[in-house]
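The numbers here are math on the coordinates, done by the rules we state, and not lab data. This one's a predicted model, so the numbers in the text were calculated from it and none came from an experiment. Note that each Cβ is placed from the backbone with ideal geometry, even for glycine, and that neighbours are counted across all protein chains shown.
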Amino acid sequence: MHLIDLSITVHDHDGRLGLETRFDTPYSFDNCGWQGSTVSMFCHYGTHVDAPVHFIKGGAGIHDAPLGKLIGPAGVIDLSDHGAGAGIAADTLEDRGRQVVPGDIVILRTGWTDACWGAEPFWKSGPYLCIDGAEWLVERGVKAIVYDFAEEEAVRKTGFRGEDCVVHHTILGQDIYNIEYVHGLAKLSAPRCGIVALPIKLHGLDGAPARVVAIEGLDLPREFRVSG
């Protein structure tokens, strides 16, 4: 069994949309002999999971994210030839995603985070998911989608509004969870693996940072009995 950590490390002063991550250490070895820190960050920076309420008014918050939708077998769709400004369309997903079956998590692998995470081109000029591509994923019956790129073309425009984000509405409106901004997908050696994505339980919020791990060499069940 091989574990691959797909999570991006978050640093002090990172951020997006004018929202800066801040680390502070009010309790330190200098002042009290131990360390205790705080963090303030945008829920949609770094590796994270979107809850439906991110774009669906009245939708479920991240504290209610079903673990069964965020853990399970996954099909990898290779899109490494989709670089700057490339739309990912339904016919491409149909051609390359035949290994994806209903109930899967699907991994869309472009390599964009590895190429330019932390730089302006990641947000402004990367590949994006076309609306018919989003509809293909819904019709395929997937339960979550893993991205290594910013999938919504509309968010590249300053002052974008929620109603402009048709891809998010299409996916979150069907209670499909977005697992956004992973890296290292080139390390996946097979067309199928397992995914575990565990967001922090932040009551009522629209998303949360998550540790996301791929598992190779282990067949995860498609359904889970969850307690708690």
> Residues with beta-carbon under 15 Å from that of R140, excluding R140: net charge, scoring Lys, Arg +1 and Asp, Glu -1?
Replying inline: -2
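For the chain, what is the percent of antiparallel DSSP beta bridges, rounded to the nearest 5?
65
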> How large is the helix-only mean residue ellipticity at 222 nm for the chain, computed as the sum of -39500 (n - 2.57) over DSSP H runs with n ≥ 4, divided by its residue count, in deg cm²/dmol to the nearest 500?
Replying inline: -4000 deg cm²/dmol
>> Tell me which of V146, A84, G126 sits at the most positive position along the dipole axis of the chain, charges placed on C-beta atoms (Lys, Arg +1; Asp, Glu -1).
In response: V146
>> Below 28 Å, Cα to Cα, which lysines can K201 reach? Residues fewer than 8 away in the same chain don't count.
In response: K57, K69, K143
>> What's the longest uninterrupted piece of the chain once you rule out the chymotrypsin sites (Phe, Trp or Tyr not before Pro) that are loop residues per DSSP with at most 10 other Cβ within 10 Å?
In response: 35-228
> Within the range 132-168, what residues put their amide N at less than 13 Å from the label point 7 Å along the Cα-to-Cβ vector of A119?
Replying inline: none
> Does the range 57-137 come out rounded, prolate or oblate by the C-alpha gyration tensor, with a ≥ b ≥ c the root eigenvalues, rounded set by a/c under 1.5 and, if not, prolate when a/b is larger than b/c and oblate if not?
Replying inline: oblate
> Once fully extended, how much extra length lies between L17 and S37, figured as 0.36 nm per residue of separation less the alpha-carbon to alpha-carbon distance?
Replying inline: 4.8 nm
> Using alpha-carbon pairs under 8 Å, 6+ residues apart, how would you state the relative contact order of the chain in percent?
Replying inline: 31
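Hey, what D do you get for the chain in µm²/s if you plug the Kirkwood alpha-carbon radius into Stokes-Einstein at 10 °C and 1.306 mPa s?
It comes out at roughly 88 µm²/s.
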> What FRET efficiency comes out for the pair L218/L67, r = Cβ-Cβ distance, R0 = 22 Å, nearest 0.05?
Replying inline: 0.80
>> Once the convex hull of the alpha carbons of the range 1-84 is built, what does its volume come to per residue, in cubic angstrom?
In response: 225
>> If you consider only alpha-carbon coordinates, what radius of gyration and Dmax does the range 129-228 have, in Å?
In response: 15.0, 44
>> Cross-link candidates for K157: which lysines have Cα within less than 19 Å, leaving aside residues fewer than 8 places away along the same chain?
In response: K124
> Based on Cβ point charges of +1 for Lys and Arg and -1 for Asp and Glu, what charge dipole magnitude is obtained for the chain about its Cα centre, in debye rounded to the nearest 20?
Replying inline: 400
> Between the helical axis of 131-140 and the dominant principal axis of the chain, each derived from Cα atoms, what acute angle in degrees is found, rounded to the nearest 10?
Replying inline: 80
> Of all trypsin sites (Lys or Arg not before Pro) in the range 133-185, which ones are in loop regions per DSSP and have a Cβ with at most 13 other Cβ atoms within 10 Å?
Replying inline: K157, R161
>> List the aspartates and glutamates whose Cα sits under 19 Å from the Cα of K187, skipping any in the same chain fewer than 8 residues away.
In response: D5, D78, D81, D114, D148, E216, D219
